[in-house]
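A quick write-up on the structure given underneath.
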Amino acid sequence: MIQFILRRLLVTIPVLFGIVFITFVLARIIPGDPCRAVLGERATDEVCDAFIVRYGLDQPLPTQFVIYVGQLAQGDLGDSIKYSRPVTALLVERLPTTIELTLLALTFAILVGVPLGLISAVRRNSPADAGTMIFANIGVSMPVFVLGLLLAYIFAITLKDTPFALPPSGRLSSGVTVTPLAVVWGLEDLQGLPRAFLDFISGLYLFSALISGQWSAWADALRHLILPAIALGTIPLAIIARITRSSLLEVLGQDYVRTARAKGLRENAVILRHGARNALLPIVTVIGLQLGLLLSGAVLTETVFNLTGAGRTMFDAITGRDYVVIQGLTLVIAVIYVTVNLVVDVLYGVLDPRVRLQ
Amino acid sequence: MSRAPMSWSPRLAVVLAILAIVVAACGGATTSPSTASEAPSSEAPSSAAPPASANPNFEGMAYPESGEAPCGTADYSGIMKKITAVDELTVEFQLCAPDPAFLPKVAFSVFGIWDSDYLAAHAPDKSYLTAPVGTGPYTVTEWTPGQRLVYAANPNYWDAANAAKTPGLEFHWSAEAAQRLIELQSGNVDGMDNPGADDIATIQGDSSLQFNVREPLNTFYLGFNVTKAPWTNEKIRQAIAMGIDRQRIVDNFYPEGSEVATHFTPCNVPFGCEGDPTWDFDLDAAKALLQEGMTEEGITSISTKLQFRDAVRGYLPDPPQIATEIQSQLRDNLGIEADLDLQESGTFLDNNAAGNLDGIFLLGWGADYPDPTNFLDYHFGAGSGKNFGEPFDDIAAALTTGATSLDDAARQAAYAEANNLIKQHVPAVIVAHGASGTAFKADVSGQHASPLSNEVFSVMQAADRDNLVWVQNAEPLSLYCGDETDGESLRACEQVNEALYSYEIGGTEAIPHLASECAPNDDATVWTCTLRSGVQFSDGAALDANDVVVSYAAQWDTQHPLHIGRSGAFDYWPGLWGGFLNPPAS
């Protein structure tokens, strides 16, 4: 297995290089000049000339690319044109929002989608099956921004001042803070990569508040993520439910399931031990794909619920012609995507010993 | 500059430490208005005592340290000649040319005064971008990038009568008007900026909310490059000015409070509406004039382009809809066929600056400071660019008179002449001044909307709550506003940093602030500002004249060691003062 993983990692290098190259070229094909996008319409030609020199945008494209790859080789993603700050600092601040939102959305999708699919398959052609599949079709069809605004309207305005009210935006309520782990653990002097990692973890509010015992902050952070997670998780939920149903139906028609029933096993044992387990493979594949899609596609949810995550930052970078942020974020998301796919491949072998990792 | 014991909270220190380690940059600072439409209250520190006697050891700075800026040479296009700290509380600005707009300019947020020692210590590592120190009613206690900016009342604020009425202030941001409204309706925030035009009626119909119209201080126009046919013909331009029903556009596409423009400069700017109003809508006269113009040009019809960008601004709230309306008016009223030419924003601005827009272009201007120079000189002055082709010499001459005369009657006459000439030459069809607004919970007192978008939160009280939460369109880029241009950053800076003058709350008049007075000499080439005594920065340092010199010099001279900022562009300085000292080589 280790050999398999190493080989996959080696194959990843040219893939990532290709992504870096294509992103670099595509970012510069976008019409518009970064000076006026960043500095606004008041920027004079004199100011723009100096701006372009300052950011090395006056160099030929091949030269810019070589410089950029050189920076990457040293682990430097460059400085944002808009914010004049390292892209890594932006990632430390903003990626945790997206990761937390994505994981919560996926958890919601799995916890609801898999049981729905199972029920639907077991009670095939029943009203429960029809209801579940109608729900799944609506879920797949409804745009995130429509569902998001609808949820925000219902839970933030209609149910305002009731116990069911939920905040429509942001990550924490006014006056609530999650104390960073570095402060909680007295590691304020920590510097460099370990400190950046610690701050990144601190940005995962649910996790950091949980492990540091900041319960009220944890509850507040969770309340803020419920609506966005439901909005973001509904489409994957519907997909997972449909895949679970069809996969389980296929498995339930296999000879070994008939044998299990003939042996006199209880129906629950047949479905869960022999059916569901063998139906998992395509479900895991879909979950892996959905995780990647959610990570890179949370921009609408982040916009509707005013969460400044990686998706929103990427959108702003594209509209603001912030080449460096576009490149850096794309690379990081690509790395996450590749890693998730690798994990899924490894999981195949764990779930089904017949699959050999070659 | 003399420093009292530090009084930062441990929390702020923690935040600063984290930011210093993890991040590498950001910044900002600016002004903040004072009370009502008058100078700060009698409780405010005065400037009565002879300043020099306050600290006999004070060593005043001057910039440039020796000599003066080389006015009128090829190397220097600016109008600032020298800034001198005459004594501890007196600053003298020498200018290359008279500048009657000096007061509205120095009241602009960008020219907030910083503690010179703090600048020297925190500009090089850019930590001042996120941790400003100012004399304003609030201090920054936390900035969680992407999420919120938190302020606390400045306990040492010099103007006790106008100290923060709500102890805490939070800025949130969201680009979507609908999202901001949901936040307000849900009670998560106390106030919001720029409700969507369609939402204003909803807000007005909700007794728990209140809406304030933001007086329009901008102009939307249809521009022509007068060097490109058929716009070379003045009659054709005049015909289009008469053939567009501007009232219909304002009624259908602009929010409440917007106005049909009569002059290029809005009338709430002093000297803005001198001279005759622009052409009335007169279809018959327009058709006749158009025919005349086309005959002179030897053409029988006009096919052109309507060039615009899809960037929503206060002066242009719905670009595609308004462009479509103008397209149909041109066709139906005048028989002019115009194809819509939507360009990417940056490309459009570049094309405009280079004089490459050959159709009719939709553009506008929002005020930086309330003076006609800000509206007219940029577009039609002697040094204006190629936006409209070549500048008109007669307009430029009138504007030069207006921009260099201290006498009100002379300025009035100059701007009347300039406006009449703009009406005659029609480099642009003046269409509308677009209003916007703010909305607050009904229990917030002192709430308002400022025409310059510089709302003063210290005068607002959020009932009995400890925090006033405000949601605006975007996150500030930094809190050192000498190097920022966006209104969202400027508003955030204004709560912390103050300038020599400020604009009256909810208005445009420049009134004394950190300076009790700035007085010109006879020809307005020297302005002498007297600072209030006893004003402290939030870090305990006392305000003195050297702080003013350093704060200005850091923006003025590109070679100054503190000329750093966020992007290093310092856009506004050349725009307002003509040019940098030691400008970068092109």
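The values are calculated or read from the model by the stated rules, or taken from the named source; none is laboratory data. On a predicted model such as this, the values are computed, not experimentally measured, just so you know. Cβ sites come from the backbone with ideal geometry, for glycine too, and all protein chains shown count toward neighbours.
Just one of B:G540, B:G578 is under 23 Å from the mean Cα position of the chain (by Cα) and either within 14 Å of chain A (Cβ to nearest Cβ) or of a type in the set (G, A, S) (or both); which is it? Full working, then the answer.
On the way: B:G540 fails: under 23 Å from the mean Cα position of the chain (by Cα).
It is B:G578.
Can you pull out the helices (runs of 4 or more DSSP H) entirely within the range A:282-354 that have at least 1 residues that are under 21 Å from A:L227 (Cα atoms)?
A:299-304, A:310-319
Going through A:L204, A:L159, A:L151 one at a time, which residue ends up being surrounded by fewer than 21 Cβ atoms within 10 Å (Cβ to Cβ), closer than 14 Å to A:L227 by Cα, more than 8 Å from chain B (Cβ to nearest Cβ) and under 22 Å from the mean Cα position of the chain (by Cα)?
A:L151
Checking the structure you have, find out if any residue of the range B:470-484 is away from chain A (no Cβ under 14 Å) and charged (D, E, K, R).
no
For A:R261, are the conditions met, namely being assigned to a helix (DSSP H, G or I), more than 25 Å from the chain's Cα centre (by Cα), basic (K, R) and closer than 20 Å to A:V344 by Cβ?
Criteria not met by A:R261.
Working carefully through the options B:A201, B:A288, B:A261, find the one that is at pLDDT below 95 and of a type in the set (A, V, I, L, M).
Every option except B:A201 fails the conditions.
Mind checking which residues of the range B:500-529 are in a loop (DSSP other than H, G, I, E, B) and not small (G, A, S)?
Passing the criteria: B:L500, B:E504, B:I505, B:T508, B:E509, B:H513, B:L514, B:N521, B:D522, B:D523, B:T525.
When residues of the range A:56-98 are filtered for being in a loop (DSSP other than H, G, I, E, B), facing another protein chain (nearest Cβ under 9 Å) and in contact with a Phe, Trp or Tyr (Cβ under 9 Å, 6 or more places away or on another chain), how many remain?
Within the range A:56-98, residues that are in a loop (DSSP other than H, G, I, E, B), facing another protein chain (nearest Cβ under 9 Å) and in contact with a Phe, Trp or Tyr (Cβ under 9 Å, 6 or more places away or on another chain) number 1.
Just give me the residues in the range B:59-86 being at pLDDT below 95, of a type outside the set (V, I, T) and buried (at least 19 other Cβ atoms within 10 Å of the Cβ), in sequence order.
B:Y76, B:G78
Scan the range B:539-586 residue by residue and report those that are touching a Cys at 6+ places or on another chain (Cβ under 9 Å) and of a type in the set (V, I, T).
B:V548, the sole residue that qualifies.
Need the failing condition index for A:L147 against (1) assigned to a helix (DSSP H, G or I); (2) without any contact (Cβ under 8 Å) to a residue 40 or more places away in the chain, just the number.
(2)
Take residues that are out of contact with any His (no Cβ under 9 Å at 6 or more places or on another chain), crowded, with 23+ Cβ neighbours inside 10 Å and at pLDDT 95 or above and tell me which of the strands (runs of 3 or more DSSP E) falling wholly in the range B:398-499 contain 3 or more.
Where strands (runs of 3 or more DSSP E) fall fully within the range B:398-499 and carry at least 3 residues being out of contact with any His (no Cβ under 9 Å at 6 or more places or on another chain), crowded, with 23+ Cβ neighbours inside 10 Å and at pLDDT 95 or above, they are B:428-433.
From B:T278, B:T265, B:T227, B:T300, which residue is under 17 Å from B:F380 (Cβ atoms) and surrounded by fewer than 16 Cβ atoms within 10 Å (Cβ to Cβ)?
B:T227
Assuming B:D341 fulfils every condition listed in (1) charged (D, E, K, R); (2) closer than 30 Å to B:E176 by Cβ; (3) assigned to a helix (DSSP H, G or I) apart from one, which condition is it?
Single failed check for B:D341: (3).
Just need a number here: residues in the range B:264-323 that are in a loop (DSSP other than H, G, I, E, B), more than 20 Å from B:T232 (Cβ to Cβ) and not charged (D, E, K, R).
19
Kindly indicate whether any position in the range A:183-191 is under 25 Å from A:G75 (Cα atoms) and assigned to a helix (DSSP H, G or I). Before you say what the answer is, go through the steps one by one.
Step one: list which residues in the range A:183-191 are under 25 Å from A:G75 (Cα atoms), which gives A:187-191.
From what is left, the residues that are assigned to a helix (DSSP H, G or I) are none.
Among the residues of the range A:183-191, not one is under 25 Å from A:G75 (Cα atoms) and assigned to a helix (DSSP H, G or I), which makes the answer no.
For the subset of the range A:62-88 comprising residues that are of a type in the set (G, A, S) and in contact (Cβ under 8 Å) with a residue 24 or more places away in the chain, which member is surrounded by the fewest Cβ atoms within 10 Å (Cβ to Cβ)? Don't jump to the end; show me each part of the working.
First pass over the range A:62-88, keeping only residues of a type in the set (G, A, S): A:70, A:73, A:75, A:78, A:80, A:84.
With the extra rule that they be in contact (Cβ under 8 Å) with a residue 24 or more places away in the chain, the set shrinks to A:78, A:80.
Details: A:G78: 19, A:S80: 24.
Per the stated criteria, the residue is A:G78.
Considering only residues of the range A:291-312 that are over 19 Å from A:T107 (Cα atoms) and polar (S, T, N, Q), which is farthest from the other protein chains (Cβ to nearest Cβ)?
The extreme case among them is A:T303.
Every residue, every condition in (1) surrounded by 23 or more Cβ atoms within 10 Å (Cβ to Cβ); (2) farther than 30 Å from A:Y55 by Cα, yes or no:
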site: A:L272; (1), (2): no, yes
site: A:V286; (1), (2): no, yes
site: A:L307; (1), (2): yes, no
site: A:A310; (1), (2): yes, no
site: A:G320; (1), (2): no, no
site: A:L329; (1), (2): yes, no
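Does B:R532 satisfy the condition of being within 13 Å of chain A (Cβ to nearest Cβ), basic (K, R) and in contact (Cβ under 8 Å) with a residue 12 or more places away in the chain?
Details: within 13 Å of chain A (Cβ to nearest Cβ): no; basic (K, R): yes; in contact (Cβ under 8 Å) with a residue 12 or more places away in the chain: yes.
So B:R532 fails the test.
Could you check the range B:339-351 and list, in sequence order, the residues that are in contact (Cβ under 8 Å) with a residue 40 or more places away in the chain and more than 8 Å from every other protein chain (Cβ to nearest Cβ)?
Matches in the range B:339-351: B:F348, B:N351.
What are the residues in the range B:558-586 that are more than 21 Å from B:G383 (Cβ to Cβ) and either at pLDDT 90 or above or not in a loop (DSSP other than H, G, I, E, B) (or both), if any?
Across the range B:558-586, the qualifying residues are B:Q559, B:H560, B:P561, B:L562, B:H563, B:I564, B:G565.
Taking B:A463 and the conditions (1) among the hydrophobic types (A, V, I, L, M, F, W, C); (2) within 11 Å of chain A (Cβ to nearest Cβ); (3) on the phi > 0 side of the Ramachandran plot, which numbered condition does it fall short on, given that it satisfies the others?
Every condition holds for B:A463 apart from (2).
How many residues does the range A:108-132 hold that are assigned to a helix (DSSP H, G or I), touching a residue at least 60 places away in the same chain (Cβ under 8 Å) and either out of contact with any Lys or Arg (no Cβ under 7 Å at 6 or more places or on another chain) or of a type in the set (S, T, N, Q) (or both)?
11
So is B:A107 surrounded by 22 or more Cβ atoms within 10 Å (Cβ to Cβ), touching a residue at least 40 places away in the same chain (Cβ under 8 Å) and of a type in the set (G, A, S) or not?
Here the answer is yes, as B:A107 does meet what is asked.
Look through A:R7, A:R42, A:R28 and report the one residue that is over 30 Å from B:G565 (Cβ atoms), of a type in the set (K, R) and either in contact with a Phe, Trp or Tyr (Cβ under 9 Å, 6 or more places away or on another chain) or more than 7 Å from chain B (Cβ to nearest Cβ) (or both).
Among A:R7, A:R42, A:R28, only A:R7 is over 30 Å from B:G565 (Cβ atoms), of a type in the set (K, R) and either in contact with a Phe, Trp or Tyr (Cβ under 9 Å, 6 or more places away or on another chain) or more than 7 Å from chain B (Cβ to nearest Cβ) (or both).
When you scan the range B:111-219 for strands (runs of 3 or more DSSP E) that lie fully inside it, which ones turn up with 1 or more residues that are surrounded by fewer than 22 Cβ atoms within 10 Å (Cβ to Cβ), within 14 Å of chain A (Cβ to nearest Cβ) and of a type in the set (G, A, S)?
In the range B:111-219, B:148-153, B:168-173 are the strands (runs of 3 or more DSSP E) which contain 1 or more residues that are surrounded by fewer than 22 Cβ atoms within 10 Å (Cβ to Cβ), within 14 Å of chain A (Cβ to nearest Cβ) and of a type in the set (G, A, S).
One residue is enough: does the range A:181-197 have a residue meeting the conditions in contact (Cβ under 8 Å) with a residue 60 or more places away in the chain and buried (at least 23 other Cβ atoms within 10 Å of the Cβ)?
No: the range A:181-197 contains no residue that is in contact (Cβ under 8 Å) with a residue 60 or more places away in the chain and buried (at least 23 other Cβ atoms within 10 Å of the Cβ).
From (1) touching a Cys at 6+ places or on another chain (Cβ under 8 Å); (2) under 23 Å from B:P270 (Cβ atoms), pick out the condition that doesn't hold for B:P476.
(2)
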